[in-house]
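Below you'll find the structure, written out as structure tokens, and then a few comments.
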Amino acid sequence: MVGFILTGHGQFSNGLASAIDMVAGDQPAFQIVPFEGSQAATYGDELRQAITAMRAECEGVLVFVDLLGGTPFNQAMMIANDVDNVEVITGTNLPMLIELLLTRGAGSSLSELAEQAVTVGQMGVTHQSVAAMAASADDELDEDGI
């Protein structure tokens, strides 16, 4: 199985993890490592420890970060340079994480999951309007949601 590490600025990873738990339940080989500014001095070591521990258990690790070029991304890339079978995904969003968490056990490789993350993440970003939906008789708003 490919392990997932989720990180990002402030409460980003905590919030997404809470939403994942609500929608998809508790997930194996999934860990968050928040980046709080007050803990900047130890963040890189904490992220490295989480990735290497996950790597010892899993055939590979996908590290999901919020922002290209930010500290979580930079630290994850430095670690990926030192640890085999670690890939970094930026621009993480909830649709991306949920789909990958629910499909990662289907025999996909680390690189296939990384490509799937980008595709699903992009598909999860759309623009919707009530007027456009009302014009389409086939579409209905589901008040209950997921």
Q: Within the stretch 107-121, track down each residue that is under 14 Å from the mean Cα position of the chain (by Cα) and loosely packed, with under 13 Cβ neighbours inside 10 Å.
A: T119
Q | Single unsatisfied condition, F12 versus (1) open to solvent by less than 50 Å² (accessible area, probe 1.4 Å); (2) within 11 Å of the chain's Cα centre (by Cα); (3) in contact (Cβ under 8 Å) with a residue 40 or more places away in the chain | A | (1)
Q.
Residues that are closer than 18 Å to L113 by Cβ, under 12 Å from the mean Cα position of the chain (by Cα) and of a type in the set (G, A, S): does the stretch 61-80 have at least one?
A. no
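Take the residues of the stretch 125-146 that are open to solvent by 100 Å² or more (accessible area, probe 1.4 Å) and either outside any loop (DSSP other than H, G, I, E, B) or hydrophobic (A, V, I, L, M, F, W, C) (or both): which is modelled with the highest pLDDT? Talk me through it step by step, then tell me what you get.
Looking only at the stretch 125-146, we keep the residues that are open to solvent by 100 Å² or more (accessible area, probe 1.4 Å), and these are 125, 127-128, 130, 138, 140-144, 146.
Filter once more, so that each one left must be either outside any loop (DSSP other than H, G, I, E, B) or hydrophobic (A, V, I, L, M, F, W, C) (or both): 125, 130, 141, 146.
Numbers: V125: 92, V130: 88, L141: 55, I146: 64.
Per the criteria, the residue is V125.
Identify the residue in the stretch 65-79 that is open to solvent by less than 80 Å² (accessible area, probe 1.4 Å) and free of Cβ contacts under 8 Å to residues at least 24 places away in the same chain and, among all such residues, is nearest to G105 (Cα to Cα).
Within the stretch 65-79, the subset open to solvent by less than 80 Å² (accessible area, probe 1.4 Å) is 65-66, 69-76, 79.
Subsequent filtering for residues that are free of Cβ contacts under 8 Å to residues at least 24 places away in the same chain retains 69, 73-74.
Working: G69: 30, F73: 25, N74: 28 Å.
The residue in question is F73.
What about L102, is it on the phi < 0 side of the Ramachandran plot, at pLDDT below 95, open to solvent by 60 Å² or more (accessible area, probe 1.4 Å) and not acidic (D, E)? Working first, answer last.
Values: on the phi < 0 side of the Ramachandran plot: yes; at pLDDT below 95: yes; open to solvent by 60 Å² or more (accessible area, probe 1.4 Å): yes; not acidic (D, E): yes.
Yes.
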Q) of a type in the set (G, A, S) and in contact with a strand residue (DSSP E or B) (Cβ under 7 Å, 6 or more places away or on another chain), is that true of G60? A) yes
Q. Does any residue in the stretch 41-64 that is farther than 26 Å from A106 by Cβ and surrounded by fewer than 18 Cβ atoms within 10 Å (Cβ to Cβ) come within less than 9 Å, Cβ to Cβ, of a residue that is of a type in the set (A, V, I, L, M) and modelled with pLDDT of 95 or more six or more places away or on a different chain, and which pairs are these?
A. G44/M78; G44/I79; E46/V33; R48/M78; R48/I79; R48/V83; Q49/V33
Q: Report the residue count in the stretch 26-40 for those that are over 14 Å from V65 (Cα atoms) and open to solvent by 40 Å² or more (accessible area, probe 1.4 Å).
A: 6
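The values are calculated or read from the model by the stated rules, or taken from the named source; none is laboratory data. Fair warning: this is a prediction, and the values are worked out from it, not measured in the lab. Heads up, the Cβs are rebuilt from the backbone with ideal geometry, glycines too, and the neighbour counts pull from every protein chain shown. These area figures cover heavy atoms from the full protein model, side chains too; ligands, DNA and RNA do not enter into them. Shrake-Rupley method; radii C 1.70, N 1.55, O 1.52, S 1.80 Å.
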